[in-house]
Structures are given as C-alpha cells and as structure tokens.
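To start, the structure under review is shown below, and the notes come after it.
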C-alpha cells in the first residue's frame with residue numbers, strides 16, 4: 001500500500017447528517033483544526049452526503065453516479081481549491097464566484113471547497129467575503145484551515161465553525177492495527193510518530209518503521225555514519241524525518257530518566273536498547289542533544305547547510 005491514510009471525522013459526518021435531515025444546512029462552514037486531521041477528506045464526504053441520489057437515513061450510498069463521480073474527482077458541481085503550495089489569489093476566487101452564478105449541472109447543491117484557506121490573499125479574502133455576505137442559492141462553501149488566526153475575522157464570523165482535534169494515540173493505534181494491518185509494535189510507534197494526525201502517515205508504514213530503526217542504528221550504534229549521511233543529505237524531507245526519529249528517541253530517554261511508564265515511550269520495540277543507553281547519558285546530555293535536534297530542525301526549515309549540525313549531533317550522541 002502506498003496511498004495516504006484517508007482520515008474521515010465520523011462525528012463531523014454524523015453532525016452534517018443531522019443538518020441534512022433537518023433542513024438546517026448553513027451556506028458556509030469553516031473546518032478548523034491541526035494539519036492532517038482529515039478536514040478535506042471529511043468535506044468531500046459531506047459533499048456526497050448533501051448530494052447522494054440514494055440517501056437513506058442520513059447515510060450516502062457511495063454507489064450512485066453522483067457518489068462515484070465525487071470519489072473520482074470528476075463531478076462538474078464539486079469545485080476544490082487545494083494546492084497548498086500557492087497563495088489563493090483574487091483570480092481564483094473570482095472563478096469560483098462566477099461558477100456560483102450558474103445552476104448546477106447535476107448536483108442538488110453545488111459544493112465549493114477551499115482547502116488551507118489561510119492562503120487567501122487580502123484581495124481574495126475581500127472578494128470571498130462579499131459572497132459569504134450574499135450567498136448564492138443552491139451552493140455550499142466549506143473552508144478548511146489549520147491557522148484560523150490568519151483568516152479575516154469577518155470571514156470567520158460568517159461561517160459556521162466545525163472543530164477538528166488531534167486524535168488520541170490509542171485510537172490511532174487501534175485504526176492502524178484493525179484497518180491497515182500493522183502489528184502492535186509498529187502501530188505503537190506510528191501513533192507517536194503521527195503526533196495525533198493520522199493523515200501525516202502515508203501507506204508505507206513498514207518503510208517508516210524500518211527507516212526510524214536505520215536512523216537509530218546509524219546515529220546511536222555506528223561510529224562511522226558517513227555513507228548514511230551521503231544517502232540522506234540529498235533529500236531535505238528525508239533529513240527532516242531522520243531528525244524527528246532522533247527527537248522521539250531522546251525524548252524516550254528523557255522520559256526513562258523521569259521514570260515514566262514504558263507505554264508512554266514511542267520506541268517500545270527497542271525497549272532494551274533504550275534502557276541500556278539511558279544509563280550511559282547524563283540528564284543534561286539528553287537535554288543538550290534535544291536542544292541540538294530542535295535547532296537542526298529549524299536549520300532544515302530555513303534551508304541552511306545541515307551536514308555540519310548533523311555531524312556535531314552525531315559526535316554528541318555516540319557512546320561506546
């Protein structure tokens with residue numbers, strides 16, 4: 001499996017099911033919460049719920065022509081702005097506004113999804129605001145954001161807010177074991193790695209698990225990691241992932257120093273290694289290494305050359 005985890009917030013879907021059945025659907029909603037908590041995928045499910053041809057007891061069929069087209073991304077009345085790398089400009093919003101003026105081709109309700117709405121420019125925000133003040137009949141607007149403070153207050157006030165929260169580690173672990181075939185140890189680590197956002201994981205679960213163990217082996221057990229450094233330094237995202245693996249490892253060591261329960265450790269699959277190395281580090285050494293890791297992550301984000309920080313970190317980590 002190589003696709004991203006498709007995270008749906010079922011409690012939000014249930015809420016919209018009640019809205020549809022009672023005829024209390026508002027014209028605009030703001031889905032807000034941490035990144036990778038299923039806001040966009042849940043919004044797409046809501047578009048099926050609103051438009052399904054065979055809706056029964058507030059449940060969409062997922063088999064009619066409308067549901068199938070929405071699933072494939074080919075429905076002419078479902079419009080999504082979701083490129084997270086670009087600012088949303090006034091031209092983009094004008095195109096959506098223009099589309100709202102026309103009657104739906106097939107759907108009961110036209111859907112307009114603006115993903116990561118904090119990317120709206122001031123001009124685009126003002127253009128959208130006019131539409132939110134005078135909504136088009138037969139249209140539903142859903143904005144998603146992980147940074148609501150970056151949206152105009154007037155936009156937030158004209159949308160019904162729907163909150164998404166980080167998931168509990170136990171719930172993520174349960175989903176990974178029951179729905180995605182992970183064993184208990186792998187699911188335990190991935191739940192910690194996801195930091196409450198199941199959508200952060202891609203389908204290569206074993207790959208993540210194996211990469212974290214390789215990173216630990218290279219930084220903690222191998223004295224010479226030059227070949228490994230050459231392998232990872234060509235890809236910024238890989239280096240960032242490696243640094244996060246190390247952060248979780250040394251966070252575990254700190255928790256052991258503080259006599260935390262084993263179940264609170266991310267790397268429980270390597271518990272004996274953790275307990276062995278916990279004795280080799282002084283508390284202040286662990287704190288220094290964690291500070292170096294945080295500084296290195298910052299250097300990665302600011303596009304600095306990070307080979308030197310990695311080498312220095314490696315020297316501090318290495319214990320015979």
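What follows is calculated from the coordinates using simple rules that are stated; it is not laboratory data. Please read all numbers here as calculations on a predicted model, not as lab measurements. Positions of Cβ are backbone-derived with ideal geometry, glycine not excepted, and every protein chain shown enters the neighbour counts.
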Sticking with the crude label model, points 7 Å out along Cα→Cβ, report the distance from residue 302 to residue 168 in nm, one decimal please.
4.0
Quick shape check on region 71-113: root eigenvalues a ≥ b ≥ c of the Cα gyration tensor, a/c under 1.5 is rounded, otherwise prolate if a/b tops b/c, else oblate, and it reads oblate
CD proxy at 222 nm, helix term only [per DSSP H run n ≥ 4: -39500 (n - 2.57); per residue of the chain; nearest 500]:
-15500 deg cm²/dmol
What is region 14-74 by shape, rounded, prolate or oblate, if you read a ≥ b ≥ c off the alpha carbon gyration tensor as root eigenvalues and call it rounded for a/c under 1.5, prolate for a/b larger than b/c, and oblate otherwise?
oblate
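Could you tell me whether region 106-263 comes out rounded, prolate or oblate from its Cα gyration tensor? Rule is a ≥ b ≥ c as square roots of the eigenvalues, rounded for a/c under 1.5, then prolate if a/b exceeds b/c, otherwise oblate.
Cα axes put region 106-263 in the prolate bin.
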Would you please state which residues of region 201-243 a label at residue 318 would reach in this model, taking the label point 7 Å out along Cα→Cβ and a backbone N cut-off of under 14 Å?
218-229
Taking 0.36 nm per intervening residue step and subtracting the Cα-Cα distance, what contour gain separates residue 177 from residue 275 on full extension?
32.6 nm
Once normalised by the length of the chain, the mean sequence separation of its alpha carbon contacts under 8 Å that are 6 or more apart gives a contact order in percent of 18
With springs connecting C-alpha atoms under 10 Å apart, model the chain as a Gaussian network and identify which of 31, 247, 189 has the largest mean-square fluctuation.
247
Percent of beta bridges antiparallel (DSSP, region 10-163, rounded to nearest 5):
5
Helix 169-179: inclination vs the chain longest Cα principal axis, degrees, rounded to 10, gives 70
Spin-label model distance (nm) - residue 258 vs residue 231, 7 Å beyond Cα toward Cβ
3.3
Which entry is the computed volume of the Cα convex hull per residue in Å³ for this structure: (1) 138; (2) 149; (3) 158?
(3)
Semi-axes of the equivalent ellipsoid of region 10-163: what are they in whole Å, largest first, if each equals the square root of 5 times a C-alpha gyration tensor eigenvalue?
24, 17, 15
Zone of residue 123's modelled label, taken as backbone nitrogen in region 68-109 under 17 Å from a point 7 Å along Cα→Cβ:
86-98
Can you tell me what share of the DSSP beta bridges in the chain is antiparallel? A percent to the nearest 5 is fine.
5
Inter-probe distance in nm under a simple model that places probes 7 Å from Cα toward Cβ, at residue 35 and residue 89
2.4
